[in-house]
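Presented below is the structure to which this report refers.
Where a number appears in this text, it was derived from the coordinates with a stated rule and is not lab data. The shown structure was predicted, so the numbers you read here are calculated from the model rather than taken from an experiment. Because the Cβ atoms are built from the backbone with ideal geometry, glycine has one as well, and the counts that use them run over all protein chains shown.
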Amino acid sequence: MDPSVEQLRRRLESAGQRHVLQFWPELSEEERAAFLQELAQLDLQRLKEHCDGATRAAAAPPASLDRHIEPVPPEIIGGVKRSDSGCLSEWEREGLLQVSESRVGVLLLAGGQGTRLGVQYPKGMYDVGLPSGKTLYQIQAERIHKVQELAARKFGSACTVPWYIMTSEFTLAPTERFFQENNYFGLEPSNVVMFEQRMIPAVTFDGKVILQGKGKIAMAPDGNGGLYQALVDSRVLEDFGRRGVEYLHVYCVDNILVKMADPVFIGFCVSKGADCGAKVVVKADPAEPVGVVCRVRGVSQVVEYSEIGPESAGLRGPGGELVFSAGNICNHFFTRSFLQEVAAKFEVQLKQHVAIKKVPFVDSCGNQVKPSEPNGIKMEKFVFDVFPFSRNFVVFEVVREDEFSPLKSAAGAAADTPTTARNSLLTQHCRWAAAAGATLLDGRGNAFHPAASVSADPPQFEISPLVSYFGEDLQPLLNGRTLQTPFVLDGNRAKELQAAQSRV
């Protein structure tokens, strides 16, 4: 055997992972070269520590934090319904000012594989069935276009909101190809920066690295908390500095209602002098499986729903509201200086979380197995685990129906499906149209009257983000009009309506 391979075998044995090379004699020269390249990227010094830590963490029951938690204090919370209209307007102006000066970037967390959704491509490429056929990536790109336009219009200066997209080994190549094929949805390619997070091995319950193939380890992205190491690895922190980006809006790819570089949220955080902020929605009910932004022993953080007992989760205040109501939606604000400090000082302190998964593997005879039950442990870091390191943490509460509808599961699941995401967006657009003075007719010719909640069967009425970012500028186009759906209000339709108005 090649001396370098023999040395590798000894190092794997000392880490308790001698099985990794069990199929080496069966591999072709090409497969061996690829496998060696993969193994060279593993930190073999820390492999035993990683595997042992994964088994210990998976065996330990989640700790209850009930005795140590308290709600976030009201003085650090703002919100769409909590704050007066004057404050909201001031924050929006401040946010648009920062955007107009090209001091704001958006950073998308898009390293996941979309397994629950049941597709073999990145979630951002998913078409939920809108009348326009737009994917999540296209909707988000067009919102960037529009917020740049709104800021430039208000302050008279051309500006750029760079889009940073954190991918993984699974999602980088298809995402790059998708953006190239779609001409970056009209954005300047140099302002769309893609980078990769690290991959770490999946582990069996007895601490063995899982072989996905005879010459392939089962690897998984290190969670969205891998962001902080990836910012260093890919020199993205340096790119922030070169561009003069001081504030980052960080969000997860699957939220169809996300407001890119939301001026109100940015302005709120900047006005409060925050280095770190989180958007939240009021939990739908005590048992909703979302983390809660709260304080533990006086420190702001996200507590997972598994760490709070039903009695604490169901606590209510004098008005009947949930005491622990601030549901985390993976929508955050960071200053560049805070991200630099996290990368330099705190990244190594981030907690490792356990995810129990079904991981395809090869058995000891070399047969490919697709398990029907969970068989492996994937360790993840979470993006929100930096909250305790913040010196000035703030919370901004938004309306769920306006800003949060995640796409997580395939059609037929109870929630967070393509249907619920599509209906959330269409219902929102119907509300905007009604507020602008329009009457929408459904497929049977009946007028639709949108309620505050999401409709199960809204009319197929869609507004392009290039026409309106969040319901603004629609009244001149729609007031007094009766529109038969399906109807897509895109740039061309907007011009037609403007031309018709001018002829009246």
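Any idea what the relative contact order of the chain is, in percent, if you count C-alpha pairs under 8 Å spaced at least 6 apart? Before the final figure, lay out the partial values.
Details: 974 pairs, mean separation 94.3, N = 504.
Reported as a whole number, the value is 19 percent.
Within 10 Å, count the other beta carbons around each residue, average over each peptide in 242-253, 431-442, and list them highest first. Intermediate results must be reported in sequence, preceding the final value.
Numbers: 242-253: 20.5, 431-442: 18.4.
The packing order, highest mean first, is 242-253, 431-442.
Measuring from label point to label point, each 7 Å out along Cα→Cβ, what is the Ser409 to Lys370 span in nm?
A separation of 2.1 nm, rounded to one decimal place.
Can you compute the helix-only [θ] at 222 nm over the chain? Use -39500 (n - 2.57) per DSSP H run of at least 4 residues, normalise by all residues, nearest 500 deg cm²/dmol.
Values: 15 runs with 159 residues, N = 504.
The helix contribution divided over the chain gives -9500 deg cm²/dmol.
So what J values fall out for segment 402-415 if you push phi through Karplus, 6.51 cos²θ - 1.76 cosθ + 1.60 with θ = phi - 60°, rounded to Hz, Gly and Pro as x?
Taking θ as phi minus 60°, the curve returns 8, 9, 8, 8, x, 9, 10, 10, 5, 3, x, 6, 6, 7 Hz for segment 402-415.
With each pseudo-label sitting 7 Å past Cα toward Cβ, what's the Gln7-Val119 distance in nm, one decimal?
Using points 7 Å along Cα→Cβ, the separation is 4.5 nm.
About its Cα centre, how strong a charge dipole does the chain have in debye, to the nearest 20, once Lys and Arg get +1 and Asp and Glu get -1 at the Cβ?
Approximately 200 debye in magnitude.
Which entries in Lys154/Lys259; Lys81/Lys408; Lys208/Lys358; Lys216/Lys381; Lys216/Lys408 show an alpha-carbon gap greater than 25 Å? Spell out each step's value before the answer.
On the way: Lys154/Lys259 18 Å; Lys81/Lys408 27 Å; Lys208/Lys358 15 Å; Lys216/Lys381 23 Å; Lys216/Lys408 28 Å.
From the list (Lys154/Lys259; Lys81/Lys408; Lys208/Lys358; Lys216/Lys381; Lys216/Lys408), the Cα-Cα distance tops 25 Å for Lys81/Lys408; Lys216/Lys408.
Rg and Dmax of the chain, Cα atoms, in Å?
For the chain, the Cα radius of gyration and maximum Cα-Cα distance read 24.5, 86 Å.
Using the Cα atoms of segment 418-503 to build a convex hull, what is its mean projected area in square nanometres?
Taking the Cα atoms of segment 418-503, their convex hull projects to 5.4 nm² on average.
Mind checking the full-extension length gain between Ser132 and Phe205? Use 0.36 nm per residue of separation minus the Cα-Cα distance, one decimal, nm. Show your work: numbers first, answer last.
Numbers: separation 73, 0.36 × 73 = 26.28 nm, distance 4.60 nm.
Result for the pair: 21.7 nm of gain on full extension.
Could you rank the peptides 323-334, 410-421 by their average count of other C-beta atoms within 10 Å per residue, with the highest value first?
Details: 323-334: 23.2, 410-421: 15.2.
So the order, starting with the most tightly packed, is 323-334, 410-421.
Give me the number: length gained by fully extending His449 to Arg82, i.e. 0.36 nm times residue separation minus the C-alpha to C-alpha distance, one decimal in nm. Display every interim value, and only then the final one.
Values: separation 367, 0.36 × 367 = 132.12 nm, distance 2.63 nm.
Stretched out fully, the His449 to Arg82 stretch lengthens by 129.5 nm.
Can you tell me which aspartates and glutamates have their Cα less than 17 Å from the Cα of Lys283? Leave out same-chain residues fewer than eight positions away.
Partners found: Glu70, Glu304, Glu307, Glu311, Glu321, Glu397, Glu401, Asp402, Glu403, Asp416.
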